[in-house]
Amino acid sequence: MTYARHILALTAAIIAAPLAAHGFTVGALKIGHPWSRETAPGQSAGGGFLTITNNGKQADRLISATSPAAEQVQIHTVSMPGGVMRMRELPGGLEIPAGSSVALKPGGFHIMLIGLKGPLKQGAMVPAELRFQRAGKVKINFEVEAIAYAGPEGGDHAGH
């Protein structure tokens with residue numbers, strides 16, 4: 001490898017490192033890899049997924065969220081009564097116990113972006129703000145992934 005190529009590769013790695021981490025911190029909380037899936041034109045809703053780790057000594061609670069990409073943002077849970085998937089809003093928010101992590105993922109707890117103002121396109125970043133009872137507000141970006149993406153632990157997305 002020539003000197004110039006070596007410097008270029010090193011520079012690219014330094015620039016890409018913070019992007020690959022894609023995490024946010026507020027107080028004792030760490031928000032890991034917020035992501036969403038691409039949506040079809042005209043689709044009115046999309047999901048937001050992430051992991052919240054509470055490194056503090058007290059529980060916290062995700063109480064609300066907003067995004068300029070949607071008219072409304074809700075915190076949802078999923079249940080399967082009678083084998084039928086039902087999503088419902090958690091009006092009191094989602095508890096984040098002290099010393100543990102809560103995963104918001106497809107088929108479980110998630111953030112619902114309702115009344116999308118346009119399609120979510122793969123590769124885009126969707127800004128949002130999460131509000132916690134104790135830690136306060138944190139601005140994040142959902143990275144829009146392919147429709148088939150299963151999450152960072154799914155193993156189908158290099159670099160995350």
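Points to keep in mind about this one:
- Enumeration of residues in the stretch 26-42 that are of a type in the set (S, T, N, Q) and touching a Phe, Trp or Tyr at 6+ places or on another chain (Cβ under 6 Å): 36
- Of residues in the stretch 29-42 being outside any strand (DSSP E or B) and modelled with pLDDT of 95 or more, the one least open to solvent (accessible area, probe 1.4 Å): 39
- Tabulated pairs, the stretch 63-84, first within 26 Å of residue 41 (Cα to Cα), second acidic (Asp, Glu), C-beta under 7 angstrom, 6+ apart or interchain: 65/129; 66/129; 74/89; 75/89; 76/89
- Long-range neighbours under 6 Å by Cβ, at least six apart or interchain, first residue closer than 24 Å to residue 39 by Cβ and in a loop (DSSP other than H, G, I, E, B) within the stretch 115-140, second of a type outside the set (Gly, Ala, Ser) and open to solvent by 100 Å² or more (accessible area, probe 1.4 Å): 119/41
- The stretch 73-92, subset more than 16 Å from the chain's Cα centre (by Cα) and at pLDDT 90 or above, residue surrounded by the fewest Cβ atoms within 10 Å (Cβ to Cβ): 92
- Screening residue 108 against (1) of a type outside the set (A, V, I, L, M, F, W, C); (2) under 19 Å from residue 139 (Cα atoms); (3) open to solvent by less than 40 Å² (accessible area, probe 1.4 Å) leaves a single unmet condition, (2).
The values are calculated or read from the model by the stated rules, or taken from the named source; none is laboratory data. This structure is a prediction, so every number in the text was calculated from the model and none was measured. Backbone-built Cβ (ideal geometry, glycine too); neighbour counts: all protein chains shown. Heads up: the accessible areas ignore ligands, DNA and RNA and are worked out on the full protein's heavy atoms, side chains in. Shrake-Rupley method; radii C 1.70, N 1.55, O 1.52, S 1.80 Å.
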